[in-house]
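Colleague: Below: one structure in structure tokens.
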Amino acid sequence: MALTYCDIAPGHEWHGPYHDEEYGFPLASDAELFERLILEINQAGLSWLTILKKRDAFRGAYGGFDPEVVAAYGARDRRRLLADAGIIRNRLKVDAAIANAATILELRASHGSFAAWLDAHHPRSKDEWVKLFKRTFRFTGGEIVGEFLMSTGYLPGAHAKSCPVFQRVASRRPAWMRAGAGPRRSA
């Protein structure tokens, strides 16, 4: 039987606090959701431990994950980010963060917030979410979208039912647990 995140994370210096206090818990603010999207995008091809260790550097580099600040980044900011050894210096990921910040501002205009946009499209199957994210955001494949949605409470699976954190997450009523929120079947 393969080990799960619930088996390996508790007690770990970096994974433990994330697993116990953040993973799978619903998020509502645009900054929190944008942070998780940036971190999941930057994790692609790397370990989650690498991202957790660089999280504070990401926060500083990306204006506290304020979408308004990041959407206004220009050429000088791109050069700054690509020279910042504290974060992941990948041009595609940096460009995606800036473009996705602008997209979140568009979602605010049309839906009020990033969370409201997510709620307006919930429930969906993972495949439907991936298609929607690929049409809406940059650098969002199946793994990135799946982890983003699971880590923010829109898809189930962050914690095993036997994990002590599962009940704490459930008490917050993540989107996937709300009445009628089961994923629709793909057509």
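Colleague: When Asp66 is evaluated against the numbered criteria (1) acidic (Asp, Glu); (2) surrounded by 14 or more Cβ atoms within 10 Å (Cβ to Cβ); (3) under 18 Å from Glu147 (Cβ atoms), which criterion, by number, is the only one it fails?
Modeller: Of (1) acidic (Asp, Glu); (2) surrounded by 14 or more Cβ atoms within 10 Å (Cβ to Cβ); (3) under 18 Å from Glu147 (Cβ atoms), only one is false for Asp66: (3).
Colleague: Counting only residues that are at pLDDT below 95 and farther than 17 Å from Ala115 by Cα, which one in the range 134-187 is farthest from the chain's Cα centre (by Cα)?
Modeller: My answer is Ala187.
Colleague: Any chance the range 11-19 includes a residue that's surrounded by 17 or more Cβ atoms within 10 Å (Cβ to Cβ), in contact (Cβ under 8 Å) with a residue 60 or more places away in the chain and within 28 Å of His159 (Cα to Cα)?
Modeller: yes
Colleague: I'd like the full set of residues that are surrounded by 20 or more Cβ atoms within 10 Å (Cβ to Cβ), in a loop (DSSP other than H, G, I, E, B) and not polar (S, T, N, Q), limited to the range 142-178.
Modeller: Gly153, Tyr154, Leu155, Ala158, His159, Cys163, Pro174
Colleague: So, one more: Pick from Thr103, Thr50: which is on the phi < 0 side of the Ramachandran plot, surrounded by fewer than 17 Cβ atoms within 10 Å (Cβ to Cβ) and of a type in the set (Ser, Thr, Tyr)? First the steps, then the outcome.
Modeller: On the way: Thr103 fails: surrounded by fewer than 17 Cβ atoms within 10 Å (Cβ to Cβ).
Of the residues listed, the single one that is on the phi < 0 side of the Ramachandran plot, surrounded by fewer than 17 Cβ atoms within 10 Å (Cβ to Cβ) and of a type in the set (Ser, Thr, Tyr) is Thr50.
Colleague: May I ask you to list the residues in the range 136-162 that are β-branched (Val, Ile, Thr) and farther than 18 Å from Trp48 by Cα?
Modeller: Step one: filter the range 136-162 for residues β-branched (Val, Ile, Thr), giving 136, 140, 144-145, 152.
Within the range 136-162, Thr136 is the sole residue that qualifies.
Colleague: Moving to a separate point now. Which members of the range 115-128 meet the condition of being farther than 22 Å from Trp48 by Cβ, touching a residue at least 40 places away in the same chain (Cβ under 8 Å) and in a helix (DSSP H, G or I)? Don't jump to the end; show me each part of the working.
Modeller: We begin by selecting, within the range 115-128, every residue farther than 22 Å from Trp48 by Cβ; these are 115-117, 119-125, 127-128.
Filter again for touching a residue at least 40 places away in the same chain (Cβ under 8 Å), leaving 115, 119, 122-125, 127-128.
Result: Ala115, Asp119, Asp127, Glu128.
The values are calculated or read from the model by the stated rules, or taken from the named source; none is laboratory data. This structure is a prediction, so every number in the text was calculated from the model and none was measured. Cβ sites come from the backbone with ideal geometry, for glycine too, and all protein chains shown count toward neighbours.
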